[in-house]
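The values are calculated or read from the model by the stated rules, or taken from the named source; none is laboratory data. The shown structure was predicted, so the numbers you read here are calculated from the model rather than taken from an experiment. Neighbour counts run over all protein chains shown; Cβ positions are idealised from the backbone, glycine included.
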Amino acid sequence: MQITSKNLYIVSTPIGNLEDITLRALEVLKKSDIILCEDTRQSIKLLNHYKIRKKLVSYHKFNERKKIASIIKYFNDGKILSLISDAGTPLLSDPGKLLVNECLTNNIKVTPIPGASSITAAMSVSGFKDQFLFYGFLPKTINELEKVLNSLSINNFTQVFFIPSKKINFYLKSFKKYFSGRKIVIAKEITKIHEEFYRDDINKLKMMNSSFKGELTVIV
């Protein structure tokens, strides 16, 4: 594989187990001059595991707009750049869209390096039909949440959400109201030691008492 400048590589990284990364992804990271990442403290764990020593540049939702100009300058200077998220496939409920569009405007090629995704991982073991809608993170306020769920409840596709573990019961109460009669899978810590999948009818599902960590992938 030829890895070149004037090309932004969108590199998928593990969602938990550090072994879930492709050989191609490792090759791109090794040859990158600069790796754009959400949290340098998180990304350095992966790079250290594979003995990759590269410059990490913080790029997240709070600074992505003001970082655009300096990133484009890196390309103009002939640097090889890759973009990773904290876990999984970048741009799916993660920052990066602004940068991708700016690259395309500046005739900079954008190349996906496929790999792990909690969306497809959870869907593959759900047992639900594979025509699905990925929504991502739901609104945080009850009024906005109910507007969204009222709209989503009228379609028959499988639906995939990201939910902060500490807020799971808040969302489950509304799911019971708008998705009554449907089944649910709650995927916890996919690929990690404490990986679990909770399956039930939404009407029968009880509120969660466990102290979950991180983000949950929830399928209805």
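Assorted remarks:
- Selection count, segment 92-117, where residues are farther than 13 Å from LEU8 by Cα and either assigned to a helix (DSSP H, G or I) or among the hydrophobic types (A, V, I, L, M, F, W, C) (or both): 2
- Only one of LYS176, LYS167 that is of a type in the set (Lys, Arg), in the same structural domain as PRO139 (by TED's automatic domain parsing), within 16 Å of PHE137 (Cα to Cα) and surrounded by 12 or more Cβ atoms within 10 Å (Cβ to Cβ): LYS167
- Pick from segment 99-154, criterion closer than 17 Å to LEU216 by Cβ and out of contact with any strand residue (DSSP E or B) (no Cβ under 7 Å at 6 or more places or on another chain), ranking: surrounded by the fewest Cβ atoms within 10 Å (Cβ to Cβ): SER124
- Selection count where residues are more than 12 Å from the chain's Cα centre (by Cα) and within 18 Å of VAL28 (Cα to Cα), scope segment 104-125: 7
- Filtered residues of segment 84-98 (kept if in contact with a strand residue (DSSP E or B) (Cβ under 6 Å, 6 or more places away or on another chain) and either closer than 18 Å to LEU47 by Cα or not assigned by TED's automatic domain parsing to the domain that holds LEU36 (or both)): ILE84, PRO90
- Any pair with Cβ under 6 angstrom, 6 or more apart, that starts in segment 67-83 at a residue that is assigned by TED's automatic domain parsing to the domain that holds LYS31 and ends at one that is among the acidic types (Asp, Glu) and in a loop (DSSP other than H, G, I, E, B): LYS79/ASP33; ILE80/ASP33
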